[in-house]
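Written below as structure tokens is the structure these notes are about.
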Amino acid sequence: MTTVTVCVITCNQQGTIEQCLRSILDQQVAADVRVLVGDDASDDGTGDVVSRIAGGSGGRVVHLVRSERMGAMANMRALMRMAHGDFIARVDGDDYWMPGKLQRQLEYLRAHPECFAVYSNAVTVDEAGVVIGRFNNVGDLRLDLRGLLKRGNFLHNSSMLVRSEGRRAWTDVTAPQIDYRVHLWHARHGLLGHIGTPLAAYRVNSVGSLMATRSSFVRDKYREAILSVRDCVGESDYAMALAEFLRRVAVRAIATRDKELILSWAARVYAESPYGAMPTTLLACLSLARVMGKVLETRMGLGEPGPVLHYR
């Protein structure tokens, strides 16, 4: 029997954790599924919800209560050290899966042995659970490390299913990291599959979201993620990755009207890019123009309905 370990991290998510866990337990899948829940010292009743579900799961759900708060990354790393089986999935406690998600992805990885991991699109929901759009507009594809660097991070973290060796993306890296570095680690070991159909749900700007609360930290770790694979790709791919990162910083700077943000990061990117200032700026501008064209298509009713978080 195929075995799957699902790692769920949660902290003070009393209102969402039950939907998350039920969506995993209700999967109709030809596999033995075990769920590890890392409860990061919740003090809002989250632990009571998880304990109740674990008690009625017949041992399928293991509730691991942290006595002191570890933080999301350390919490997930600890779960990954305990994970075993043929495949590993991960979910944030405020996200959830659609029916059939796990079976479809297992079939995908069996049909594509060249793929190390598979992801899917997701619907985006607000705090009340109302669907407001889609996570990305990518569609079905398979991509390698170079492709992921050029596109930047568009993968939905809670949709991931990876072969068992993929746990090392967490256990082998002791420094703080964001999900993009994990995806790049996976892409070093095989192709990444992406299913364009939304098979999961992502709660936008939820409590505890790194992008909502620590955007400066995320930018620093995004750059470190790119640097982590510097020796695995050529100069042109590395330069494209830096230009895509600069485009993302520019979008944030425009949205927040923070001139210093783009100026400070541009100087750092220019110093690191093998192409220098002008070519890197041109690449970033071309990427920005392409994304703005996708946004315009959507607003004119020619693209995906509703807001899309990651245009490609």
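The values are calculated or read from the model by the stated rules, or taken from the named source; none is laboratory data. All figures in this text were calculated on a predicted structure; none of them were measured in a lab. Reconstructed Cβ throughout: ideal geometry from the backbone, glycine too, with neighbour counts over all protein chains shown.
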Specify which of the listed residues (L79, L106, L102) is out of contact with any helix residue (DSSP H, G or I) (no Cβ under 9 Å at 6 or more places or on another chain), under 27 Å from L148 (Cα atoms), at pLDDT 95 or above and crowded, with 19+ Cβ neighbours inside 10 Å.
L106
Considering only the range 154-177, state which residues are within 30 Å of G293 (Cβ to Cβ) and buried (at least 22 other Cβ atoms within 10 Å of the Cβ).
L155, H156, S158, S159, M160
Got a sec? Which of V229, V218 is of a type in the set (A, V, I, L, M) and under 11 Å from I178 (Cβ atoms)?
V218
Entirely in the range 22-141, the strands (runs of 3 or more DSSP E) that have 2 or more residues that are touching a residue at least 40 places away in the same chain (Cβ under 8 Å):
32-39, 87-92, 115-125, 131-136
Within the range 227-280, restricting attention to residues that are among the small types (G, A, S) and surrounded by fewer than 17 Cβ atoms within 10 Å (Cβ to Cβ), which residue is nearest to the chain's Cα centre (by Cα)?
A255
Every listed condition ((1) out of contact with any His (no Cβ under 7 Å at 6 or more places or on another chain); (2) farther than 30 Å from A175 by Cα) holds for E68 save (2)
